[in-house]
Amino acid sequence: MKFIIYVAVAIFSFSSFAQETVNVMFYNLLNFPDAAPGGRSEILRNIFTEFKPDLFLVCELQNERGADEILNISLNYNTNNYSRADFVANQSGSNSLQQLLYYRNEKFLLESSEILLTPLRDINKYVLKLNTLDQASDPVLIYIYVAHLKSSQGSSNEDLRLEMVNEFTDDLENLESNSFVLFAGDFNLYSSEEPAYQEILDTSNAIVMVDPINTPGTWHNNENFQDIHTQSTRLGSGPNGGASGGLDDRFDFITISENIITNQNIKYVPESYKALGNNANCFNLNISDETCTGEYSQTLRNQLYSMSDHLPVIMKLETTKEFVLNNQDFSFVEDLNIYNTLVSDNLTLVIQNSSQNKTSIHIFNMLGQKVKTIITNNNTIQIDTSDLESGLYFLMSDELNGIQKFLKI
């Protein structure tokens, strides 16, 4: 009876997660980590309290030390929820700045990563799989490209931006036509008429891309677009250099494949695309200006001013798929912790705060049948699951209250 009650609670909880959300953020970090001021990893961690990303895409990363600081100090502070792709030094031209992807590891699995060469900076390509309960039978892959296009005005710079974008659109021909794609970065675009922007959205591309907020026009120094401007966050050069002149450019983008607008497997949440910290009243001002009041607080805008000369771009996606959540997101028991909820041959359990000399652990399948029992006096337990069929299982203990789940693949 105890098991039936807990399984009923678990199934009810699963059904309440019918619409899972994925938070996406792109951020130009401005010569990270060496630019002043010190402690920018902590500043970034504070920015995440406003919007906690499940996918964090960055550019202007200087080195692997900076990559590790973001992972260990900014994202995984007191947790182990995030992973990152391998840091690869730029292979295009002579530029020393890189892009990188971070992801919440209970929602995504990194399938592969590669580099697209361009005349200036690499375009980083990542393939992620949603970490869902049915991933073996119905996998959902997302192709993510992160770029930092050539800066500055002038036809020669526009040509270089276009040449870099062509590498992206050419690569789309290698994907299946129904693939889900994100193309994000600091595009350094001044107008929707620029050839690079037109190429991204060209409907003759192998996969059609769209701009989620669809706001064509001349964005540069145009007050009519002040609500979507992302650069520059300061009038002067600021505490760590970077661009000056106040907020008057839309340089930072997340574009998505057209199918993400309608497909339930991964779908854009309408009106969720924003320039984080932009209250739509800071045209040609510091983002920290006290007159720029609104949804985003003075504290956050001060942190954004210190962090970079760009604002992060954020948006939300949602899926009807069910994620394989870790113990921090789905838990009925504090004393019985699952180290890995997605298992093949081995499951690791950690028992905390137990006063018992021995602990009995039972594994039940979805039919309520007990398939395995382990009796132990250890706090860390390794359970052989190689003999279990694929599917969802529940863990119970005679000595500890509650239930946990894991997925055998």
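Read-outs throughout are calculated quantities, based only on the coordinates presented, and are distinct from any laboratory measurement. Nothing here was measured: the structure is a model prediction, and the numbers come from that model. Counting neighbours? That spans all protein chains shown, and the Cβs are built from the backbone with ideal geometry, glycine included.
Work out the charge dipole of the chain with +1 on the Cβ of Lys and Arg and -1 on the Cβ of Asp and Glu about the Cα centre, then indicate which of Ser152, Leu395, Leu57 is farthest towards its positive end.
Result: Leu395, furthest along the dipole toward the positive end.
Dipole of the chain, Cα-centred, from +1 at each Lys and Arg C-beta and -1 at each Asp and Glu C-beta, to the nearest 20 debye?
Using only the charged Cβ atoms, the result is roughly 1360 debye.
Which order do the peptides 382-388, 43-49, 26-32, 361-367 take when ranked by the mean count of other beta-carbon atoms within 10 Å per residue, highest first?
The peptides rank, most packed first, as 26-32, 43-49, 361-367, 382-388.
Considering every Cα-Cα pair within region 18-319, what fraction, in whole percent, is farther apart than 38 Å?
Summing the P(r) tail past 38 Å for region 18-319 gives 6 percent.
In nm, what is the difference between 0.36 nm times the number of residues separating Gln19 and Asn224 and their Cα-Cα distance?
70.3 nm
In region 18-319, if the dipole is taken from +1 on Lys/Arg beta carbons and -1 on Asp/Glu beta carbons about the Cα centre, which of Ala275, Asn188, Tyr82 is farthest to the positive end?
Sorting the options by dipole projection puts first Tyr82.
Given the options Thr320, Gly294, Asn265, identify the residue whose Cα lies farthest towards the positive end of the charge dipole of the chain (+1 on Cβ of Lys, Arg; -1 on Cβ of Asp, Glu).
Positive-most Cα among the choices belongs to Thr320.
Grab every C-alpha pair in region 80-239, bin the distances at 10 angstrom width from 0 up to the longest one, and report whole percents.
9, 33, 35, 19, 3, 0
For the chain, take the longest principal axis of its alpha carbons; what is the angle in degrees between that and the long axis of helix 298-307, to the nearest 10 within 0 to 90?
70 degrees
Below 8 Å between Cα atoms, with a sequence gap of 6+, how large is the relative contact order for the chain in percent?
It comes to 15 percent, rounded to a whole number.
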